[in-house]
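Below: one structure, written as structure tokens.
The values are calculated or read from the model by the stated rules, or taken from the named source; none is laboratory data. Small disclaimer: the values here were computed from a predicted structure and weren't measured. Here the Cβ is made from the backbone with ideal geometry for all residues, glycine too, and neighbour counts use every protein chain on show.
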Amino acid sequence: MSSEFNRRNFLKTIGVAGLGSVLASKAKADSNEPNAAGVKQQSETPQVPTRKFGKSGPDVSALSLGAIQLIDTPVILTSSLKWGVTYWDTAPVYTGGNSETCIGKYFAANPDMRKKVFLATKASGAHDAAGLEEKLQASMKKMNTDYIDVFYGVHGLNDVSQLTDELKTWAENAKKKGLIKYFGFTTHGNMAKSLFEASKLGWVDAILTTYNFRLTKDPMMQKAIDACHKAGIALTAMKTQKSVNVETDEDKKLIEHFSAKGFSEGQAKIKAVMEDERIAAVAVGMNSVALINENVAAMLDKTKLAQDDKDALAEYASATCSGYCAGCAHICDAAVVGVSNINDVMRSLMYHNSYGDTQLAKQTFAAIPADVRARLLTTDYRLAEQRCPQHMPIARLVRQATEILA
């Protein structure tokens with residue numbers, strides 16, 4: 001965006017006139033500037049930039065619609081497409097299955113739009129080829145499509161041993177049949193190790209991984225991302241934003257810092273990730289038109305984060321680390337006898353506290369083996385707390401999750 005487009009008033013203008021009127025006039029003024037390589041402007045509405053999906057994939061919108069809280073309404077999908085947000089990410093478990101159903105209704109009403117959408121879903125709960133096939137067929141039926149662009153066959157991978165030869169053979173056959181175009185996995189725990197080892201397998205096309213401003217300086221994560229990038233694996237970042245509720249002085253300081261710069265702390269968090277060109281896209285859960293507008297604005301604003309912005313994020317990450325699970329599940333697993341799902345407990349609590357999605361939180365918590373859940377309140381977490389790099393009060397958080405979600 002040019003300097004005459006005042007970023008300080010960007011969000012204020014959104015609230016008064018709407019993002020459409022602001023950026024439409026901007027696009028008309030800059031009609032000779034392409035929004036992204038290989039993408040031509042078709043109207044006065046600017047489109048979010050695109051990036052290559054891995055080494056051999058297509059160009060996809062660098063902002064992905066995370067349909068984690070999608071309900072039965074077409075307005076979110078229509079609004080995302082208006083800005084060129086054509087990469088949609090969903091899962092059978094999102095909103096109790098209503099997310100895929102909503103997308104299916106949209107395609108049924110707008111069949112020509114399917115070919116414009118890069119659609120991703122997951123084999124939630126599947127563990128073998130038969131399970132993957134069942135999940136895939138069910139998702140395609142619900143979403144009124146005969147193919148999925150990227151199918152995450154392992155949802156919540158913690159160890160690459162889960163990527164068996166059986167799954168590899170299934171993925172190869174599914175591609176030959178035209179049922180899927182790309183195969184991969186999602187990971188919320190042991191991300192660095194999982195990414196690095198997956199980069200050596202030679203058959204993983206895509207990974208949806210937790211990656212945010214707190215992890216951009218993690219040396220192991222950087223090494224893993226670089227290995228995947230060199231291997232041609234498409235990386236989509238998730239969990240990039242955690243809502244700030246202005247409960248502490250640190251929260252207030254962060255919000256005030258970026259407000260003075262003309263954008264929100266949420267937009268800054270997107271920028272922190274997308275300045276890494278190795279990341280194909282950032283998947284953000286968006287359940288309102290206002291949130292779509294805010295995130296689109298962040299993608300269209302080409303201003304880079306200044307050093308003091310990066311310092312503000314780093315300071316905030318350090319000051320609030322005890323409230324954030326970094327996904328290093330192997331540390332907890334080695335420190336606690338009989339309970340190997342602490343990372344899943346923390347993720348469940350995050351869905352409840354940060355996303356406000358109690359249904360998904362309870363689903364995630366319920367997926368923890370029953371015998372493990374039965375031991376959660378009687379387990380000694382002191383060694384895990386001593387070893388936790390984030391200094392999290394694990395015992396207290398486990399107790400809170402159990403009381404809320406069990």
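Computed quantities for the displayed model
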item	result
Residue in the stretch 210-220 that is among the β-branched types (Val, Ile, Thr) and within 15 Å of GLY327 (Cα to Cα) present	yes
Scope the stretch 365-383; condition touching a helix residue (DSSP H, G or I) at 6+ places or on another chain (Cβ under 9 Å), more than 25 Å from HIS155 (Cα to Cα) and not charged (D, E, K, R); matching residues	LEU377, THR379, TYR381, LEU383
Some residue of the stretch 92-103 being hydrophobic (A, V, I, L, M, F, W, C) and in a helix (DSSP H, G or I)	yes
Test: THR378 is at pLDDT 90 or above and surrounded by 16 or more Cβ atoms within 10 Å (Cβ to Cβ)	no
Which numbered condition ASN341 misses (of (1) assigned by TED's automatic domain parsing to the domain that holds LEU215; (2) under 23 Å from the mean Cα position of the chain (by Cα); (3) polar (S, T, N, Q))	(1)
Total residues in the stretch 349-375, condition at pLDDT 85 or above and within 19 Å of CYS328 (Cβ to Cβ)	4
All positions within the stretch 360-400 that are hydrophobic (A, V, I, L, M, F, W, C) and within 25 Å of the chain's Cα centre (by Cα)	LEU360, ALA361, PHE365, ALA366, ALA367, ILE368, CYS388, MET392, ILE394, LEU397, VAL398
Which listed residue, of LEU157, LEU119, is part of a strand (DSSP E or B) and within 18 Å of the chain's Cα centre (by Cα)	LEU119
Any hit, the stretch 213-230, residues being part of a helix (DSSP H, G or I) and in contact (Cβ under 8 Å) with a residue 60 or more places away in the chain	no
Those residues of the stretch 67-90 which are modelled with pLDDT under 95 and either among the charged types (D, E, K, R) or not in a helix (DSSP H, G or I) (or both), in sequence order	ALA67, ILE68, GLN69, LEU70, ILE71, ASP72, THR73, PRO74
Index of the failed condition, LYS271 passing every other in (1) over 16 Å from TYR211 (Cβ atoms); (2) assigned by TED's automatic domain parsing to the domain that holds LYS239	(1)
